[in-house]
Amino acid sequence: MKKDSLDELFENLGGGFDVHQTPTGHQSRFLDKLQIVEKPRTKHRNWMYPVSIAASIAAIFVLGFFFQNTTEDTTGLASVSPEMKQTESFFKTTIQEELRTLQSFKTPESEALVKDALVQLEVLEKEYKGLKNDLSESGNDKRVIYAMITNFQNRIDLLQNVISTLEEVKTLKAFQNETTL
């Protein structure tokens, strides 16, 4: 179609289109309303971005802490049964108490013995981590569970032996000092 024929078409249809003029000042009123709507948004955005970033970081830390705690609770003996979870908790509490007792005996003379005991504990802890992997792979094999319990008992025995040795040394020193005077 030519341009003339389009003009003729629109002229012939004439009444079907709304062709009134917009009121004067309509564009400026529209832009004013648009700016009113945009102003609170920019103020809102100015403080909203840092707050949303801080909230996101906090959520990541909380989720990380949650997942870290849940993975610790569901591995090892705790994953076998509620009774084994109690057993593991008992052993861990006992080991912590024995460690505190061992630290109370730490003196310059006994420092080498205490450090050696801590190194041996680290070896047993690494062995226990390997046993945890074995437990998950074996599907709760009773031999692995027994080995894990034995590992806990070995740690407690080690700490108790070192503590009793330190107590004997302390008693001997006290006895020798009394006779020397």
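Things worth noting here:
- Interchain or long-range residues, amide H under 5 Å from F105's placed H: none
- When the C-alpha to C-alpha distance is required to be over 19 Å, the pairs from K85/K132; K92/K129; K106/K126; K115/K173 that qualify are K106/K126; K115/K173.
- Stokes-Einstein D for the range 74-174, Kirkwood Rh over Cα pairs, 37 °C, 0.692 mPa s (µm²/s): 225
- Fewest-first sequence of T87, T101 by Cβ atoms within 10 Å of each Cβ: T101, T87
- At an R0 of 30 angstrom, the distance between the Cβ atoms of D134 and A55 translates into a FRET efficiency of 0.15.
All of the numbers you see were taken from the coordinates with simple rules; none came from a lab. Being a predicted model, the structure only gives us computed values, none of them experimental. Using ideal geometry, Cβ is built from the backbone for each residue, glycine included, and neighbour counts are taken over all protein chains shown.
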